[in-house]
1. What's the total number of residues in segment 90-99 that are assigned to a loop (DSSP other than H, G, I, E, B) and loosely packed, with under 15 Cβ neighbours inside 10 Å?
2. Taking segment 31-72, which residues are touching a residue at least 40 places away in the same chain (Cβ under 8 Å) and within 10 Å of the chain's Cα centre (by Cα)?
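FYI, it's all coordinate maths here, none of it is from the lab. As the structure is a prediction and not an experimental result, all values here were calculated from the model. Counting neighbours? That spans all protein chains shown, and the Cβs are built from the backbone with ideal geometry, glycine included.
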Amino acid sequence: MTNKNAQKYPTDSVTVYKGSYYGYVRIYSRCPWFNDAEYCVTEDLGGCLVIKKCYLDIPNKALKVGNDGRMQFESEIPLGNYAIDQEESDEDELVIYYN
């Protein structure tokens, strides 16, 4: 028996969908990078979304990452599915190009 979500959400991508508030988006990913990420900071560079893990020093703007790799934040990123840039990403930072 195959898992339908495994086909819908690959581990090397991030799915962006509408958030609960105006101007907010939610992301979901099965990427193992999120497994040990408790808090993250997002930075939208206009065409590129950078997500950085927070460790000991957690800034006020840090976002709590859900146990299932979901988080919500304010962004202009279009809704859709985007590949994680494997070359620019590392264990502390994910880079996602959306334009």
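1. Of all residues in segment 90-99, those assigned to a loop (DSSP other than H, G, I, E, B) come to 90-92, 98-99.
Still in the list and also loosely packed, with under 15 Cβ neighbours inside 10 Å: 90-92, 99.
The number of residues fulfilling the criteria is 4.
2. Start the filter on segment 31-72 by keeping residues that are touching a residue at least 40 places away in the same chain (Cβ under 8 Å), which leaves 31, 33, 46-53, 68-72.
If the condition is that a residue be touching a residue at least 40 places away in the same chain (Cβ under 8 Å) and within 10 Å of the chain's Cα centre (by Cα), then Cys31, Trp33, Leu49, Val50, Ile51, Lys52, Gly69, Arg70, Met71, Gln72 are the ones that fit.
Conditions (1) hydroxyl-bearing (Ser, Thr, Tyr); (2) more than 15 Å from Val95 (Cα to Cα); (3) touching a Ser or Thr at 6+ places or on another chain (Cβ under 9 Å), marked per residue:
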{"position": "Pro32", "(1), (2), (3)": "no, no, yes"}
{"position": "Leu49", "(1), (2), (3)": "no, no, yes"}
{"position": "Lys52", "(1), (2), (3)": "no, no, yes"}
{"position": "Leu56", "(1), (2), (3)": "no, yes, no"}
{"position": "Gln72", "(1), (2), (3)": "no, yes, yes"}
